[in-house]
1. For a quick size check, give me the Cα extents of the range 69-145 along its three principal axes, largest first, whole Å.
2. Dipole of the range 49-141 (Lys/Arg Cβ +1, Asp/Glu Cβ -1, origin at the Cα centre): which of 119, 66, 106 lies farthest to the positive side?
3. Could you list 158, 104 in order of exposure, starting from the residue whose Cβ has the fewest other Cβ atoms within 10 Å?
4. Once amide H atoms are built 1.01 Å from N in the peptide plane, which residues 5 or more positions from residue 61, or in another chain, come under 5 Å H to H?
5. Taking K and R as +1 and D and E as -1, what net charge do the other residues with C-beta under 9 Å from the C-beta of residue 82 add up to?
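All of the numbers you see were taken from the coordinates with simple rules; none came from a lab. Being a predicted model, the structure only gives us computed values, none of them experimental. Using ideal geometry, Cβ is built from the backbone for each residue, glycine included, and neighbour counts are taken over all protein chains shown.
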Amino acid sequence: MVPRGVVLRIASPLVRRGAALSTCRRLREATLNLPRVVDLNLSRSEDLVCKNMMCEKVGEVCVCKLAVWASQSAPSLLNLETLNLSQNGLTVLPDSIFELTTVIKLDISENKLTNIPDAIGRMTSLKYLDLYGNSDLEALPVSLYDPCASGLLDLNEIRLCREAGTRFEVAARESGWTVESTIEGEVVWKR
């Protein structure tokens, strides 16, 4: 029994019906374990393929299911620290993703994003953002350059592909970011 006032951090392995579970890979699996989910890996996920016959993207990757799931689940995802949405061909991110305020690491690499909404500033625990492979990024939000602009956002590292990284170099340097490393077309910025 845990004494009153003691907070336990539930981390992997998670337990669901006797099976060890360190990372959820399906939205249904995460839904069944909402308060205990620490890592949600939806990289190359079939869960993001739209099955809504009313949607113009039926049969393709679409954010409608993710948007609804995140908006309904956010209040119960108290321990979610890692969200991996990489390699899904996403062109936009649903606004409800930015309500997941406990996320420390957000991996949205290898998608087709052209911008990151300023709403990312609402992810107040975010420390690591992987944008690698989104070479069509046109702009990064002010909240990434200036944490004070969005409140509590404290981002320590951004990973970009070299093509996107050069577009933001001047603004990033003026805001206190430095290049930590450049390896094989990857630029890692640190604050």
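1. Over the range 69-145, Cα extents along the principal axes are 34, 26, 18 Å.
2. 66
3. Values: 158 24, 104 15.
Fewest-to-most ranking of 158, 104: 104, 158.
4. Amide H neighbours of residue 61, under 5 Å, 5+ apart: 50.
5. Values: positive: 105; negative: 39, 81, 107.
Once all neighbours under 9 Å are counted, the net charge is -2.
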